[in-house]
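The values are calculated or read from the model by the stated rules, or taken from the named source; none is laboratory data. Predicted, not measured: the structure shown is a model, and the values here were computed from it. Here the Cβ is made from the backbone with ideal geometry for all residues, glycine too, and neighbour counts use every protein chain on show. Note: accessible area is taken over every heavy atom of the protein model, side chains too, but ligands, DNA and RNA are not part of it. Shrake-Rupley method; radii C 1.70, N 1.55, O 1.52, S 1.80 Å.
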Protein chains: 2
Amino acid sequence: MNIKDVAARAGLPAKTIRYYEEIGLIRPLRAANGYRAFRESDLHKLEFIGRARSLGFSIDDCRSLLALYEDKARASGDVKALAERHLQRIEAKLAELHAMQDTLSQLVHACKGDARPDCPILSGLAKGPSCCA
Amino acid sequence: MNIKDVAARAGLPAKTIRYYEEIGLIRPLRAANGYRAFRESDLHKLEFIGRARSLGFSIDDCRSLLALYEDKARASGDVKALAERHLQRIEAKLAELHAMQDTLSQLVHACKGDARPDCPILSGLAKGPSCCA
DNA sequence: TATGGGGCTTCCAGTCACGGGAAGGTCAAG
DNA sequence: CTTGACCTTCCCGTGACTGGAAGCCCCATA
């Protein structure tokens, strides 16, 4: 398989796949002409990585997850620990975004949004003590 | 005021303040010795930027917000429009994170997390069709 | 007056996960 | 034989900083 086919089947840009090779996430073979020659197993890994990335795992996490995936003697506890750390990062980010949404939607709601210059949003940013997490 | 004082009062790292000058967000004066000489108005702007950043506004948004703040003939509708666009980005991000949290917490919950290798998290990543937003 | 330490300055490089685009080799169809 | 689609590598740019090196500047103390 050439890169475009894997890209289509894995749902990833070809550029991204080359990048994943560069950083050592995958190691496709090479044809005589220098083209990357992907096996089914490479495609499988790429799909794995794609799903992990879409769940927000970092590239480093993906590397660890792949290693665990390929280690048939892994402890599921290690996988779970990794996933739980990530889940906590997600939850922290969620809390942060919720706080922003809260403050910002209040400000937006208080602003008339007409042609006149008075604006609670700007005043809030200028010196609002009740603003910001 | 030297940079360390403004940094302390604005709650921003000195490095960040230098960066904000470099990209033209602020224009502090210079003392004879080459040191930046901050006025109260510079501090005020930095606090404004800091609050906007903590609400998640991009640097470009901050630039626009500052311009609107300083334009006494602004229309509050322009400010509101900018804030609403940002609010929508936040809400989109929230939805994305909620979806991740959803999927991931299901997987985590299904994983026993013991010393054995079977792991629903890894199987989910490997070929779970019900996985991923 | 020398010296030490903490400030300040600039500049360069790195972060994360790619994306854009140039320059050039390769392959299948017409 | 040419065209055009594919492939390759290489380098630069993104956003919003952060870290560190090299080198002034200023003040206090010995």
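Once segment A:45-72 is narrowed to residues that are over 17 Å from the mean Cα position of the chain (by Cα) and surrounded by fewer than 17 Cβ atoms within 10 Å (Cβ to Cβ), the residue that is farthest from DNA strand D (Cβ to nearest atom) is A:Lys72. When B:Leu25, B:Leu65, B:Leu55 are checked against the criterion of being in contact with a Phe, Trp or Tyr (Cβ under 7 Å, 6 or more places away or on another chain) and away from DNA strand C (no atom under 12 Å from the Cβ), a single residue qualifies: B:Leu65. Do we find that B:Asn33 is more than 9 Å from DNA strand D (Cβ to nearest atom) and either open to solvent by 40 Å² or more (accessible area, probe 1.4 Å) or more than 11 Å from chain A (Cβ to nearest Cβ) (or both) in this structure? Here the answer is no, as B:Asn33 does not meet what is asked. A:Glu96 fulfils the conditions (1) open to solvent by 20 Å² or more (accessible area, probe 1.4 Å); (2) facing chain B (nearest Cβ under 10 Å); (3) closer than 30 Å to A:Gly124 by Cα; (4) away from DNA strand D (no atom under 16 Å from the Cβ) except for a single criterion, (4).
Taken together, the criteria place B:Glu22 among residues that are surrounded by fewer than 18 Cβ atoms within 10 Å (Cβ to Cβ) and within 16 Å of DNA strand D (Cβ to nearest atom).
The test for being more than 12 Å from DNA strand D (Cβ to nearest atom), under 15 Å from A:Arg53 (Cβ atoms) and more than 14 Å from chain B (Cβ to nearest Cβ) does not hold for A:Ile17. Can you find even one residue in segment A:113-120 that is crowded, with 17+ Cβ neighbours inside 10 Å, within 12 Å of DNA strand C (Cβ to nearest atom) and part of a helix (DSSP H, G or I)? No, segment A:113-120 contains no residue that is crowded, with 17+ Cβ neighbours inside 10 Å, within 12 Å of DNA strand C (Cβ to nearest atom) and part of a helix (DSSP H, G or I).
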